[in-house]
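Supplied in structure tokens, the structure appears directly below.
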Amino acid sequence: MENNQTEKINLLIIGSGPAGYTAAIYAARANLKPVLYQGIQPGGQLTITTDVENYPGFPEGIQGPEMMIQFEKQAQRMGADLRYGLATKVDFSQKPYKVWIDEEKLLEADAVIIATGASAKWLGIESEQRFNGYGVSACAVCDGFFFRGKEVAIVGAGDTAAEEALYLSKLCSTVHMFIRRDEMRASKIMQDRVKKTDNIKMYWNTETQEILGDKTVNAVRIKNIKTAEEETLPIKGFFVAIGHHPNSDIFKGWIDMDEEGYIKTCPGSSKTNIEGVFASGDVQDKIYRQAITAAGSGCMAALDAERYLSENGLH
């Protein structure tokens, strides 16, 4: 049965955010006949973003889901084969590389581009998901601009949370920072910067109980873990900065990763430790994590894949 299900393809792209779609556009134009599997969240993290105002070429801004539809249409128009399905297992021990889709269909690919992205970690409270995109965000650089001059809150205690709090402090009137313990995980230099910033107000031993609002966020209820005291603060924006989880689990044991699971690529390229397997977008980028940098690295992966296929007589 398994052999009947095997399909041989030239270039497989796994994932469908800006990185995957851009890789598909470039690869299709190079006549590599790319097959792209869209994964569990077609369009990636941008499908849960509302306004995107920082992507060049859209002077009026664009909705995240609409932008991903445009990327998808462009990839289709170039001739990329876009499919629904989730890569569930890989075997990179020999060429062609084996990838299983939805645990049953087997693909054999001469080259693979991994563009599976990363998922923001959330607190797990109901109101957080309800207001996602309506005042709740996991990216201060993406969305801070919409809260200029307003009061906002941010949750987190690491370097990313500190960086995002500092970024927001330059735009917003007050930044309420909620830290679950009585200390931060952030590096000393970042902690010092946060503590020295007048309009960042820090709350120790604090957890978020509920985000409040009508159609958009207008307050947050917090609780001090030690005293059990509750407080409601008026805010317009609520930022979650407790980290991201790269969607790289199925590649563990094959591809070199850092301790958090981000795929390691050779500097200045999309190449991984396995020849013919490339990585682009947020699955290998924990620093920038922007739509435009993901798209740029998708372009790099397609060009690297084309060169690899060509040099090996596979294209």
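The values are calculated or read from the model by the stated rules, or taken from the named source; none is laboratory data. These numbers were taken from a predicted model, which means no experiment stands behind them. In this analysis, Cβ positions are derived from the backbone assuming ideal geometry, glycine residues included, and neighbour counts consider all displayed protein chains.
Restricting to the range 281-298, name every residue that is at pLDDT 95 or above, part of a helix (DSSP H, G or I) and buried (at least 19 other Cβ atoms within 10 Å of the Cβ).
Residues satisfying the conditions are GLY281, ASP282, VAL283, ALA294, ALA295, SER297, GLY298.
Still on this structure, please answer the following. Could we say that TYR55 is of a type in the set (Phe, Trp, Tyr), closer than 26 Å to TRP254 by Cα, out of contact with any His (no Cβ under 7 Å at 6 or more places or on another chain) and not in a strand (DSSP E or B) here?
Against the criterion (of a type in the set (Phe, Trp, Tyr), closer than 26 Å to TRP254 by Cα, out of contact with any His (no Cβ under 7 Å at 6 or more places or on another chain) and not in a strand (DSSP E or B)), TYR55 does not qualify.
I need the full set of residues from the range 201-236 which are of a type in the set (A, V, I, L, M, F, W, C), under 17 Å from MET184 (Cα atoms) and assigned to a strand (DSSP E or B), in order please.
Correct list: MET202 only.
Scan the range 259-277 for residues that are without any contact (Cβ under 8 Å) to a residue 24 or more places away in the chain and under 22 Å from TRP122 (Cα atoms) and jot them down.
Correct list: GLU259, GLY261.
Only one of (1) under 29 Å from TRP122 (Cβ atoms); (2) over 14 Å from the mean Cα position of the chain (by Cα); (3) in a loop (DSSP other than H, G, I, E, B) is not met by LEU36, so which one is it?
All conditions pass for LEU36, except number (3).
A follow-up question, please. Which residue pairs have Cβ atoms closer than 8 Å, lie 6 or more positions apart in sequence or on different chains, and pair a first residue in the range 168-188 that is surrounded by 15 or more Cβ atoms within 10 Å (Cβ to Cβ) with a second residue that is in a strand (DSSP E or B) and aromatic (Phe, Trp, Tyr)?
Filtered contacts from the range 168-188: LEU168/PHE239; HIS176/TYR203; MET177/TYR203; PHE178/TYR203; ILE179/TYR203.
Among ALA111, ALA115, ALA138, which is under 21 Å from VAL52 (Cα atoms), surrounded by 17 or more Cβ atoms within 10 Å (Cβ to Cβ) and in the same structural domain as ARG307 (by TED's automatic domain parsing)?
On inspection, the qualifying residue turns out to be ALA115.
Consider the range 143-167. How many of its residues are assigned to a helix (DSSP H, G or I), of a type in the set (Val, Ile, Thr) and buried (at least 24 other Cβ atoms within 10 Å of the Cβ)? Break it down into steps so the answer makes sense when it comes.
Quick first cut of the range 143-167, residues assigned to a helix (DSSP H, G or I) only: 143-147, 159-167.
If we keep only those that are of a type in the set (Val, Ile, Thr) too, we end up with 160.
Those still in the list that are buried (at least 24 other Cβ atoms within 10 Å of the Cβ) too: none.
Count: 0.
Looking at the range 256-280 only, could you name the residues that are crowded, with 20+ Cβ neighbours inside 10 Å and in a loop (DSSP other than H, G, I, E, B)?
TYR262, THR265, SER270, THR272, GLY276, SER280
Take the range 242-258 and flag every residue that is within 20 Å of LEU123 (Cβ to Cβ) and either among the β-branched types (Val, Ile, Thr) or modelled with pLDDT under 95 (or both).
ILE242, GLY243, HIS244, HIS245
Being within 14 Å of the chain's Cα centre (by Cα) and over 17 Å from ALA140 (Cα atoms) is the filter here; which residues of the range 48-64 pass it?
None - no residue of the range 48-64 is within 14 Å of the chain's Cα centre (by Cα) and over 17 Å from ALA140 (Cα atoms), so the list stays empty.
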